[in-house]
Amino acid sequence: MGGTIYRVKTWLDSWPVFRQLTGSDPLGRGHAARSKATENVTSRTATADRVVKSICPYCAVGCGQRVFVNDEKIVQIEGDPDSPVSRGRLCPKGSASKSLVTSPTRVTTVKYRAPYATEWQDLELDTAMEMIADRVLAARTKGWQDTDGGKRVNRTMGIASLGGATLDNEENYLMKKLYSAMGAIQIENQARI
């Protein structure tokens, strides 16, 4: 009989609601809410060996993020309370941005279909970037004009840019500088259309 009472008492003590109603934690925010499982849980942020400040990549708001890194691997991403933009808050997409770099389904290659080909092939990102750079330079050279009607213009008609409203001011500024430096004159932004 004594063993049964002891087992019932042990069972009741393991039940959070009973501890909340009978103990010193009536709101259930401290000891009453903890279980053996929660006692053994370690926060992912506690395992980080460094914290890197970043900006959420999803939209133009620019919410601040703290990226927790352990052994050069991202273990957690949280809002940055020091950010004047988001003050530590992230939307659902920003909160889930860790999966952008850690998901096993993340695409790490570029799909490419050569001219007149019927099949797509996978290219490494470095290879694809080199191909893009080569094509941009070829288009710039092919469309280059030194003069127009006797006036010196030094421009290319082979490159144009249409920026997007999801880019922030800094990104749009850098794009404008890049395309202008390449000699492009057809530079517009979708936000002005």
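The values are calculated or read from the model by the stated rules, or taken from the named source; none is laboratory data. A quick note: this is a predicted structure, and the numbers were derived from the prediction, not measured. In this analysis, Cβ positions are derived from the backbone assuming ideal geometry, glycine residues included, and neighbour counts consider all displayed protein chains.
Evaluating I74 against the criteria (1) out of contact with any helix residue (DSSP H, G or I) (no Cβ under 8 Å at 6 or more places or on another chain); (2) closer than 27 Å to E170 by Cα; (3) not hydroxyl-bearing (S, T, Y) leaves one unmet condition, (1). Kindly evaluate E170 against the criterion of being among the charged types (D, E, K, R), at pLDDT below 95 and not in a strand (DSSP E or B). In short, yes.
Hey, could you check segment 95-144 for residues that are in contact with a strand residue (DSSP E or B) (Cβ under 9 Å, 6 or more places away or on another chain), polar (S, T, N, Q) and surrounded by 10 or more Cβ atoms within 10 Å (Cβ to Cβ) and say which is nearest to M182 (Cα to Cα)? Here the answer is T141. Given (1) of a type outside the set (D, E); (2) touching a Phe, Trp or Tyr at 6+ places or on another chain (Cβ under 9 Å); (3) at pLDDT below 95, where does Q121 come up short, assuming only one miss? Q121 satisfies all of (1) of a type outside the set (D, E); (2) touching a Phe, Trp or Tyr at 6+ places or on another chain (Cβ under 9 Å); (3) at pLDDT below 95 except (3).
A quick yes/no check of all residues on (1) closer than 30 Å to D80 by Cα; (2) exposed (fewer than 14 other Cβ atoms within 10 Å of the Cβ); (3) acidic (D, E):
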{"residue": "V17", "(1), (2), (3)": "no, yes, no"}
{"residue": "L21", "(1), (2), (3)": "no, yes, no"}
{"residue": "P26", "(1), (2), (3)": "no, yes, no"}
{"residue": "G30", "(1), (2), (3)": "yes, yes, no"}
{"residue": "A37", "(1), (2), (3)": "yes, yes, no"}
{"residue": "N40", "(1), (2), (3)": "yes, yes, no"}
{"residue": "A48", "(1), (2), (3)": "yes, no, no"}
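Check segment 106-122 and report whether any residue there is part of a strand (DSSP E or B), closer than 30 Å to A184 by Cβ and within 14 Å of the chain's Cα centre (by Cα). No, segment 106-122 contains no residue that is part of a strand (DSSP E or B), closer than 30 Å to A184 by Cβ and within 14 Å of the chain's Cα centre (by Cα).
Of V110, V136, all but one fail to be touching a helix residue (DSSP H, G or I) at 6+ places or on another chain (Cβ under 8 Å) and either closer than 30 Å to E170 by Cα or at pLDDT below 90 (or both); the exception is V110. One residue stands out among those in segment 66-88 that are polar (S, T, N, Q) and assigned to a strand (DSSP E or B): the one that is surrounded by the fewest Cβ atoms within 10 Å (Cβ to Cβ), which is N70. Comparison of T147, T156 shows that the only residue that is among the β-branched types (V, I, T), exposed (fewer than 11 other Cβ atoms within 10 Å of the Cβ) and at pLDDT 90 or above is T147.
For (1) on the phi > 0 side of the Ramachandran plot; (2) touching a helix residue (DSSP H, G or I) at 6+ places or on another chain (Cβ under 6 Å); (3) in contact (Cβ under 8 Å) with a residue 24 or more places away in the chain; (4) of a type in the set (A, V, I, L, M, F, W, C), each residue gets a yes or a no:
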residue	(1), (2), (3), (4)
G23	no, yes, no, no
R29	no, no, no, no
A32	no, yes, no, yes
G94	no, no, yes, no
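Of the residues making up segment 131-167, those that are part of a helix (DSSP H, G or I) and over 24 Å from the mean Cα position of the chain (by Cα) number 11.
Residue count for segment 1-15 under the criterion of being hydrophobic (A, V, I, L, M, F, W, C) and surrounded by 10 or more Cβ atoms within 10 Å (Cβ to Cβ): the result is 4. Of all the residues in segment 39-65, those that are in a strand (DSSP E or B) and among the aliphatic types (A, V, I, L, M) number 3.
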